[in-house]
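The values are calculated or read from the model by the stated rules, or taken from the named source; none is laboratory data. Computed from a predicted structure; not experimentally measured. Don't worry about glycine lacking a Cβ; one is built from the backbone with ideal geometry, like all the others, and counts go over all protein chains shown. Please note that ligands, DNA and RNA were not included when accessible areas were found on the heavy atoms of the full protein model with its side chains. Shrake-Rupley method; radii C 1.70, N 1.55, O 1.52, S 1.80 Å.
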Amino acid sequence: MSIAADAKEMQGEIARFRHELHQEPEIGLDLPRTQEKVLKALDGLPYEITLGESTTSVTAVLRGGAPHASAQKPTVLLRADMDGLPVQERTGVEFSSKIDGAMHACGHDLHTSMLAGAATLLAERRHQLAGDVVLMFQPGEEGFDGAGHMIREGILDAAGRRVDAAYGMHVFSSLEPYGQFCTKPGVMMSASDGLFVTVLGAGGHGSAPHAAKDPVTAAAEMVTALQTMITRQFNMFDPVVLTVGVLQAGTKRNVIPESARFEATIRTFSEASRDRMMTAIPQLLKGIAAGHGLEVDVDYRGEYPMTVTDEDETHTAENVISGMFGDSRLSRWATPMSGSEDFSRVLAEVPGTFVGLSAVPQGVDHTTSPFNHSPYATFDDGVLSDGAALYAELAVSRIATLAASN
Ligand SMILES: [Zn+2]
C-alpha cells in the first residue's frame, strides 16, 4: 500500500496521540511528560534513540537496509517541535488543555503526533530505504532556541555523518483553506530579534517635573520615534516590523519614577535591514535620551535568523506534495510571512525546506479564523494523516534520489 493509504489507516491513532499531547502542554526546553509520551510512541520501533543533555529533546535514527549507489549513505532529517505556549485555552474542544495557563496554541502537538506517525510508516519500509532517517523531536521553539541546543548537541550528525537534506512542517489555524500545503523558495520567514530598553531619569514630585528628569515622556517619545524611523530609514520594498509589546514605568500618578522600560520584537527579511536595525536603533534612542538630559540602556539581542529554504529542496517537496495530493493542494507563497522559526538554524547549516499546512477547521472561514497563538486557535485533526504521510514520503523519495546519485 502507498504511504498515504497506510497513513489514512493510522489517522485514529495519530489523532489519539495528538489529543494526549494537547491535554498536557508543556512550555520551554524542559518537557518531561511530552518526552515520555514521544518515547512511548516510538517504543518497539527500530530506532536508535538519544535524549538531549541540556533539554528534553528526542533524536531517533532509523537505519535503512537497502543498498545504495552513492559514495556515502544518504541521510534525511525530519523535524517536529513539541512545546506549547503560556496561553489559557478557550477553544472549547473536548480534548482541551488540562494545564491551567498552558496551551498548544501553535499546533506543535500536531507536528509531534504527525512525526510519530511517520516514524511507524518509515519503520515499516526500513528494508527499502537506501539511507538513514533522523527524527528531530525538538523542545523550546517558542523563543527558547531548542533547535540551537540540538544542533550544538550534534543532531545534524546524529547518523554518524552530516544530514543531506532537512524538512520541517508547520500547521496554521488560518491563512489558507483547510488541507492546503504552502511552500516558498528563498526567504520564507523573518529574522526575529529582541529590543530591551531602560530609560534612566531622576525621580521626583509629579507637581515639579523641572526638579526631576522624567523618563516617562522620553520613553513615550522613543516608542513613536521608532515607528517614524522605520518609515524614514528603511526601504518599503524590504519591509521591517517593530512592535513594542512591553511598556512599564511608575507606581503612582504624582510620582515621577526613576526609570521607564520597554521591550520590542523586531522582524526583518534581509541581512542588510537587520544590520541597519542594530545600528539605527541605539543611535535614535541615545539621541532622544541625550536631548532630554537622560541616559538610556539599549540591549539589542539577536534571536532567530531568517528562515531561508533551499530552492532545489523546495522543488523536491513541491513535487512530492503534488504527486501525493494533487496540484490543487499546493500554494506557493508570493511573499514571506513575518513569523519566525528556529528551524531557520537547521536550514542555515544544511539544505532543506519548510512546508506550511493549513489545519483550519473544516467549514470555517480561513480568512477570519483565529490564527496561531490565539486562545481560540483551533486545528483540525483531519490533516494529521496527510501530514504524517508527507513527512514519511519526503524522507523516502529524497533518500531514493540521493542514493541513486554518485
Ligand atoms: Zn509554532
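Matching residues to (1) open to solvent by 70 Å² or more (accessible area, probe 1.4 Å); (2) over 19 Å from GLY107 (Cα atoms):
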{"position": "GLN11", "(1), (2)": "no, no"}
{"position": "ILE14", "(1), (2)": "no, no"}
{"position": "PHE17", "(1), (2)": "no, no"}
{"position": "GLU24", "(1), (2)": "no, no"}
{"position": "LEU29", "(1), (2)": "no, no"}
{"position": "ARG33", "(1), (2)": "yes, no"}
{"position": "ALA41", "(1), (2)": "no, no"}
{"position": "PRO46", "(1), (2)": "no, yes"}
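Number of residues in the stretch 222-244 that are farther than 20 Å from ALA191 by Cα and open to solvent by less than 80 Å² (accessible area, probe 1.4 Å) equals 4.
Just to be sure, is LEU247 in contact (Cβ under 8 Å) with a residue 12 or more places away in the chain, crowded, with 20+ Cβ neighbours inside 10 Å, over 24 Å from the mean Cα position of the chain (by Cα) and over 30 Å from ALA395 (Cβ atoms)? When the stated conditions are applied, LEU247 does not pass them. The set of residues in the stretch 295-347 that are surrounded by fewer than 21 Cβ atoms within 10 Å (Cβ to Cβ), small (Gly, Ala, Ser) and either touching an Asp or Glu at 6+ places or on another chain (Cβ under 9 Å) or assigned to a helix (DSSP H, G or I) (or both) comprises GLY302, SER322, GLY323, SER328, SER331.
Tell me the residue from VAL246, VAL187, VAL199, VAL171 that is closer than 25 Å to GLU142 by Cβ and touching a helix residue (DSSP H, G or I) at 6+ places or on another chain (Cβ under 8 Å), please. Step through it out loud before you land on a result.
Working: VAL246 fails: touching a helix residue (DSSP H, G or I) at 6+ places or on another chain (Cβ under 8 Å); VAL187 fails: touching a helix residue (DSSP H, G or I) at 6+ places or on another chain (Cβ under 8 Å); VAL199 fails: closer than 25 Å to GLU142 by Cβ.
Every option except VAL171 fails the conditions.
For the stretch 102-124, residues that are away from the ligand (no atom under 16 Å from the Cβ) and either of a type in the set (Val, Ile, Thr) or open to solvent by 30 Å² or more (accessible area, probe 1.4 Å) (or both) total 2.
Sort out which residues of the stretch 48-77 are touching a residue at least 40 places away in the same chain (Cβ under 8 Å), aliphatic (A, V, I, L, M) and open to solvent by 50 Å² or more (accessible area, probe 1.4 Å), and write them in order of number. Lay out the reasoning, then the answer.
The first filter runs over the stretch 48-77 and keeps only residues touching a residue at least 40 places away in the same chain (Cβ under 8 Å), leaving 50, 52-77.
When the remaining residues are screened for being aliphatic (A, V, I, L, M), the result is 58, 60-62, 66, 69, 71, 76-77.
Answer for the stretch 48-77, where residues must be touching a residue at least 40 places away in the same chain (Cβ under 8 Å), aliphatic (A, V, I, L, M) and open to solvent by 50 Å² or more (accessible area, probe 1.4 Å): ALA69, ALA71.
Among the residues that make up the stretch 283-300, is at least one of them under 23 Å from GLU142 (Cα atoms) and not assigned by TED's automatic domain parsing to the domain that holds ASP145? Yes. Taking the conditions exactly as written (in a helix (DSSP H, G or I), touching an Asp or Glu at 6+ places or on another chain (Cβ under 8 Å) and of a type in the set (A, V, I, L, M, F, W, C)), does LEU115 satisfy them or not? No, not satisfied. Going residue by residue through the stretch 399-406, is there one that turns out to be in contact (Cβ under 8 Å) with a residue 24 or more places away in the chain and either within 19 Å of the chain's Cα centre (by Cα) or part of a loop (DSSP other than H, G, I, E, B) (or both)? Yes, because at least one residue in the stretch 399-406 is in contact (Cβ under 8 Å) with a residue 24 or more places away in the chain and either within 19 Å of the chain's Cα centre (by Cα) or part of a loop (DSSP other than H, G, I, E, B) (or both).
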